[in-house]
Structure formats: C-alpha cells, structure tokens
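Notes to accompany the following structure.
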Amino acid sequence: MILLKPLVNEKSMMLIKQNLYTFAVSKDAPKEAIKKIVESKFKVTVLSVNTVNILPKIKSQRSRKGNFKSGGIRKAIVKLKKGDKIALFEQATTEEVEVRTAEGERQGSVKEKKSLLGRTKVRIERNGKNQESGQKNDNKEIADIKTDTKRPTKVSQKPVKKGEK
C-alpha cells in the first residue's frame with residue numbers, strides 16, 4: 001500500500017490554498033507511483049510530487065531505562081492542477097435551511113455545519129417578533145430562578161449584632 005493516510009493538520013490545511021495536498025506514504029514509494037495512485041483514486045491531475053522523510057524521534061520514559069524511537073513517516077506533498085480539489089481535505093461547510101410547520105408558517109432557520117470528520121453540528125435560529133419576546137421572558141424567568149436559588153454564603157453574610165434584627 002503506497003498511500004497510507006491523508007495528513008489533515010493546520011499546516012496542511014493552509015497548503016490547500018496553494019493547491020498542495022499532503023499524504024503519509026510508505027517509505028519506499030517512488031514519486032511516479034504516488035502520482036499515478038493520487039490521479040486514479042481522486043480523479044485529479046497531478047502537476048508535481050515532493051517527498052519529505054521525517055526521521056523518528058528518540059524519546060525516553062521515566063519508568064524504564066534507555067531510549068526508544070517513535071516511528072518516522074514519509075510525507076508526500078502533491079500539487080494539483082488549478083481547479084482540481086480532493087474532497088477529503090475540504091473545509092467545513094455551512095448550509096442554511098428554512099424550517100416550516102405543517103400549515104406553512106415559518107418556524108425559523110437551521111444552520112447545519114459539517115466538519116471534516118463527518119460530524120454535523122446543527123444550530124437553530126428562530127425568527128419572528130413573538131418568539132423573540134418569548135425568549136426575553138424566558139431569560140427573565142431564568143434570571144429570577146437563579147436569584148431565588150442563590151443563598152448567601154458565610155463569607156457574604158454580615159454579622160448581626162445581638163440588639164439588632
């Protein structure tokens with residue numbers, strides 16, 4: 001297997017703006033083979049391939065004597081033709097959808113944000129004057145509840161003299 005995994009980190013995401021995509025590849029993979037596999041798998045045109053060998057780091061562990069090496073990898077930085085994109089590296093997208101009741105009244109709008117890892121985050125924004133005033137009343141009720149449940153602590157209580165009440 002030549003292509004091991006796509007490298008999705010902050011630096012590789014910045015390189016996407018320049019049409020450069022980063023992959024972890026096997027240590028003995030030649031550039032020609034990397035180019036052919038990326039073109040066939042992702043249906044894009046590869047202009048050039050640069051490879052970087054990252055040496056393993058020597059680390060030590062407190063509980064054991066001696067050192068050990070963490071695995072080094074080989075990175076392939078692939079430059080694509082202008083206009084070509086690889087879907088694995090796409091930024092998070094935001095879609096807006098209107099929510100309506102069965103009668104056709106507008107309930108609000110839903111903003112759906114999809115992340116790189118396939119997880120979706122949904123945020124609902126409600127529109128309309130009645131709903132906004134209802135939200136303000138809810139906030140006041142929540143504030144009232146918070147003040148009712150707040151009990152004075154020993155530090156905040158003032159000492160009461162015997163003659164006063």
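When region 53-89 is filtered for residues that are under 15 Å from L15 (Cα atoms) and surrounded by 12 or more Cβ atoms within 10 Å (Cβ to Cβ), the ones remaining, listed by number, are K75, A76, I77, V78, K79, L80, D84, K85, I86, L88, F89.
Whether any residue in region 58-76 is of a type outside the set (S, T, Y) and in contact with a Gly (Cβ under 7 Å, 6 or more places away or on another chain) is what I want to check. Spell out how you get there, then give the answer.
Taking region 58-76 first, the residues of a type outside the set (S, T, Y) are 58-59, 61-62, 64-69, 71-76.
Cutting the leftovers down to in contact with a Gly (Cβ under 7 Å, 6 or more places away or on another chain) gives us none.
Within region 58-76 (the criterion being of a type outside the set (S, T, Y) and in contact with a Gly (Cβ under 7 Å, 6 or more places away or on another chain)), the answer is no, since none of the residues qualifies.
Considering only region 1-94, give the strands (runs of 3 or more DSSP E) lying wholly within it that have at least 2 residues that are of a type in the set (S, T, Y). Step through it out loud before you land on a result.
Numbers: elements: 3-6, 20-25, 46-54, 58-60, 67-69, 73-80.
In region 1-94, 20-25, 46-54 are the strands (runs of 3 or more DSSP E) which contain 2 or more residues that are of a type in the set (S, T, Y).
Please find, within region 34-52, the residue that is surrounded by the fewest Cβ atoms within 10 Å (Cβ to Cβ) out of those that are of a type in the set (S, T, N, Q) and closer than 13 Å to T22 by Cβ. It would help to see each step written out before you state the result.
Pass one, region 34-52, residues of a type in the set (S, T, N, Q): 40, 45, 48, 50-51.
Keeping just the survivors that are closer than 13 Å to T22 by Cβ gives 50-51.
Working: N50: 13, T51: 16.
Out of the qualifying residues, it is N50.
Read-outs throughout are calculated quantities, based only on the coordinates presented, and are distinct from any laboratory measurement. Because the structure is predicted, anything quoted here is derived from the model rather than measured. When we count neighbours, we look across all protein chains shown, and the Cβ atoms used for this are built from the backbone with ideal geometry, even at glycine.
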